[in-house]
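Inspection log for the structure reproduced underneath, given as structure tokens.
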Amino acid sequence: MRYDGSLKKWNAERGFGFIVADDGGQELFAHISAFARDGQLPTVGERLSFEVEPDRDGKKRAVRVQRAGVVPAARADTANRSFRLSRSGHDQQKTGFGSKLIILAILAALGGYGYSKYANYATKIRSAPQSTLAPAAPATRAQAALLTPTGFHCDGRKHCSQMTSCKEAKAFLKNCPGTEMDGNHDGVPCEQQWCTGSFAE
């Protein structure tokens, strides 16, 4: 139990004095070690709060003396610890919230970038000519056949392996541009396949 009172006497050289409680009790011995170690020397008449315990001889003495208006050290330490814990929790909460905001901002930026790429691609697809979008269907032999000025039909064949006779090879070489049947350019096509020996006409 704590009591209120004031310092009645103090011997600075010997480091002790006497406290009188407000209820008019007896003077209680108080040693300098009973005061808070705050660097201030006790002064006569100052208001104090204290607890009472018996000394080794059974006499009452003042212990755990605090100056009026000063929170006891234990209580102050508890309050500071509670404040630090609550502040730490608040800071962690703010940090967690900030991290979530950063992640959301990054995701939004990536989504916007992806959408813009998709929109550009879709615009190019819509504006591209139809002929570039779908490959042309392979032409049949009849469709690929070309009518030359001489009335000969070029059907797209241009190699010796595609010919059936020397006569046919010569007709293609004469009438169809782009054939690849006369390697030495002597005017005789397919000399090794059709236009030699018994095949030549």
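Quick rundown of the values:
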item	result
Residue in segment 22-29 that is free of Cβ contacts under 8 Å to residues at least 60 places away in the same chain, among the acidic types (Asp, Glu) and surrounded by 13 or more Cβ atoms within 10 Å (Cβ to Cβ) present	yes
Counted residues, segment 9-37 - those being under 13 Å from residue 68 (Cβ atoms) and either at pLDDT below 90 or outside any strand (DSSP E or B) (or both)	2
Whichever residue in segment 39-66 is touching a residue at least 24 places away in the same chain (Cβ under 8 Å), assigned to a loop (DSSP other than H, G, I, E, B) and at negative phi and, among such residues, is surrounded by the most Cβ atoms within 10 Å (Cβ to Cβ)	42
Index of the failed condition, residue 8 passing every other in (1) within 60 Å of the chain's Cα centre (by Cα); (2) surrounded by 13 or more Cβ atoms within 10 Å (Cβ to Cβ)	(1)
Flag for residue 73 being among the aliphatic types (A, V, I, L, M), modelled with pLDDT of 60 or more and surrounded by 10 or more Cβ atoms within 10 Å (Cβ to Cβ)	no
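The values are calculated or read from the model by the stated rules, or taken from the named source; none is laboratory data. Given the structure is predicted, the values throughout are model-derived calculations rather than measurements. Cβ sites come from the backbone with ideal geometry, for glycine too, and all protein chains shown count toward neighbours.
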